[in-house]
Amino acid sequence: MADKLPLLISVPHGGTTIPEELSDRHSLSPGDILDDIDPFTLSVYDFGSAVEEQLAADIARPFIDLNRSADQLPPAFPDGVIKSETCQKVPVYRPGSEPDPVLIRNLLARYHEPYHAELSRLLRQDSILMMIDCHSMSEYPPPIAADRSVRRPLVNLGDLDGHSCPAEITVLLAEAFVKCFEITRTDVLINLPFKGGYITRNHGNGAKPVIQVELNRVLYLDPAHPRRMDSARVSDVCARMKSTLRLFHQIWRGEG
């Protein structure tokens with residue numbers, strides 16, 4: 001069996017679990033939740049024993065966004081760490097049931113802080129050389145975005161303009177995507193539309209590179225039913241991701 005890749009995989013937005021503290025406060029349907037998370041990424045990025053470490057959150061993004069800073073709070077940040085509305089502009093809470101400051105502190109302590117503490121701990125391991133923060137994106141931006149009419153690429157890699165990862169390493173990953181996904185180089189954009197979120201900024205300022213990966217959901221969702229996972233396509237994308245990471249590592253470490 002091939003050796004594990006020395007990578008830490010973070011999947012912060014694939015969960016669908018509603019925090020018990022909010023179960024009688026929110027107003028979202030299962031469809032609303034699915035529209036706001038990175039749907040089915042727990043399966044898309046399920047690399048198992050292929051990588052050294054993997055951390056995936058089960059809490060749904062509309063309730064605690066692990067890729068936002070803990071100080072991005074409502075009402076100043078409706079799309080912050082504790083959201084007041086989803087990316088589709090659907091109110092998260094019933095009027096008058098929004099979390100108060102005490103509940104917000106408890107939510108952050110129970111869900112947000114442990115995820116980031118665990119990422120920091122894993123990044124300190126000698127067996128980890130790099131972190132990949134894994135997401136998915138809709139084909140077109142949601143209503144809250146200013147560029148909602150601009151079609152997104154198949155793959156977006158974010159390295160904060162070379163600050164969380166040397167640009168030459170990001171280019172190697174882009175080239176691996178081109179080969180393993182059998183797409184063109186123009187299908188893979190770097191720092192466009194996303195440069196990287198809070199996870200990339202917060203954990204990508206140390207000695208180990210951090211890159212945010214966004215896969216376009218057209219690669220794995222059922223075209224006829226956008227809220228439905230196409231199991232065969234998900235399996236194919238997951239296998240191609242594993243091949244991409246292995247080829248990238250071989251090139252990066254001079255083994256290929």
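Can you tell me which condition Asp35 does not meet? The list is (1) in contact (Cβ under 8 Å) with a residue 24 or more places away in the chain; (2) in a loop (DSSP other than H, G, I, E, B), and all the others hold.
(2)
Among the candidates Asp65, Asp79, single out the residue that is acidic (Asp, Glu) and in contact with a helix residue (DSSP H, G or I) (Cβ under 9 Å, 6 or more places away or on another chain). Spell out how you get there, then give the answer.
Values: Asp79 fails: in contact with a helix residue (DSSP H, G or I) (Cβ under 9 Å, 6 or more places away or on another chain).
Checking each option against the conditions leaves just Asp65.
I need the full set of residues from the stretch 85-95 which are in a loop (DSSP other than H, G, I, E, B) and closer than 21 Å to Gly14 by Cβ, in order please.
First, pick out the residues of the stretch 85-95 that are in a loop (DSSP other than H, G, I, E, B): 86-90, 92, 94-95.
Answer for the stretch 85-95, where residues must be in a loop (DSSP other than H, G, I, E, B) and closer than 21 Å to Gly14 by Cβ: Thr86, Cys87, Gln88, Val90, Val92.
Given the condition assigned to a helix (DSSP H, G or I), among the aromatic types (Phe, Trp, Tyr) and surrounded by 13 or more Cβ atoms within 10 Å (Cβ to Cβ), answer yes or no: does some residue in the stretch 110-117 qualify?
Pass one, the stretch 110-117, residues assigned to a helix (DSSP H, G or I): 110-117.
Narrowing the set further to residues that are among the aromatic types (Phe, Trp, Tyr) leaves 111, 115.
Adding the requirement that they be surrounded by 13 or more Cβ atoms within 10 Å (Cβ to Cβ) leaves 111, 115.
The answer is yes, given that some residue of the stretch 110-117 is assigned to a helix (DSSP H, G or I), among the aromatic types (Phe, Trp, Tyr) and surrounded by 13 or more Cβ atoms within 10 Å (Cβ to Cβ).
Rundown of residues vs (1) part of a loop (DSSP other than H, G, I, E, B); (2) crowded, with 22+ Cβ neighbours inside 10 Å; (3) in contact with a Cys (Cβ under 6 Å, 6 or more places away or on another chain), yes/no style:
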{"residue": "Leu42", "(1), (2), (3)": "no, no, no"}
{"residue": "Ile64", "(1), (2), (3)": "yes, yes, no"}
{"residue": "Pro78", "(1), (2), (3)": "yes, no, no"}
{"residue": "Ser97", "(1), (2), (3)": "yes, no, no"}
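Return the residues of the stretch 207-232 that are part of a helix (DSSP H, G or I) and either surrounded by 17 or more Cβ atoms within 10 Å (Cβ to Cβ) or touching a residue at least 60 places away in the same chain (Cβ under 8 Å) (or both); say none if nothing qualifies.
Looking only at the stretch 207-232, we keep the residues that are part of a helix (DSSP H, G or I), and these are 217-219, 231-232.
Those that are part of a helix (DSSP H, G or I) and either surrounded by 17 or more Cβ atoms within 10 Å (Cβ to Cβ) or touching a residue at least 60 places away in the same chain (Cβ under 8 Å) (or both): Arg217, Val218, Leu219.
Of all the residues that make up the stretch 8-39, how many are among the hydrophobic types (A, V, I, L, M, F, W, C), surrounded by fewer than 22 Cβ atoms within 10 Å (Cβ to Cβ) and more than 11 Å from Phe63 (Cα to Cα)?
The total comes to 1.
Quick one: count up the residues across the stretch 17-32 that are within 21 Å of Leu103 (Cβ to Cβ) and part of a loop (DSSP other than H, G, I, E, B).
The first filter runs over the stretch 17-32 and keeps only residues within 21 Å of Leu103 (Cβ to Cβ), leaving 17-28, 32.
Now restrict to residues that are part of a loop (DSSP other than H, G, I, E, B): 18-19, 23-25, 27-28.
The qualifying residues number 7.
Go through the stretch 120-157 and give me each residue that's farther than 27 Å from Glu52 by Cβ and β-branched (Val, Ile, Thr). Before the answer, list the steps.
First, pick out the residues of the stretch 120-157 that are farther than 27 Å from Glu52 by Cβ: 138-153.
Correct list: Ile144, Val150.
Could you give me the residue pairs with C-beta distances under 7 Å whose first residue belongs to the stretch 106-126 and is within 23 Å of Ala207 (Cβ to Cβ), whose second residue is among the basic types (Lys, Arg) wherever it lies, and which are 6+ apart or on separate chains?
Pairs found: Leu123/Lys208.
Free of Cβ contacts under 8 Å to residues at least 12 places away in the same chain, among the hydrophobic types (A, V, I, L, M, F, W, C) and farther than 30 Å from Ser235 by Cβ - does that describe any residue in the stretch 85-97?
no
Every number here is computed from the coordinates shown, using simple stated rules; none is lab data. No experiment lies behind these values; they were computed from the predicted model shown. Virtual Cβ from ideal backbone geometry, glycine too; neighbours counted across all protein chains shown.
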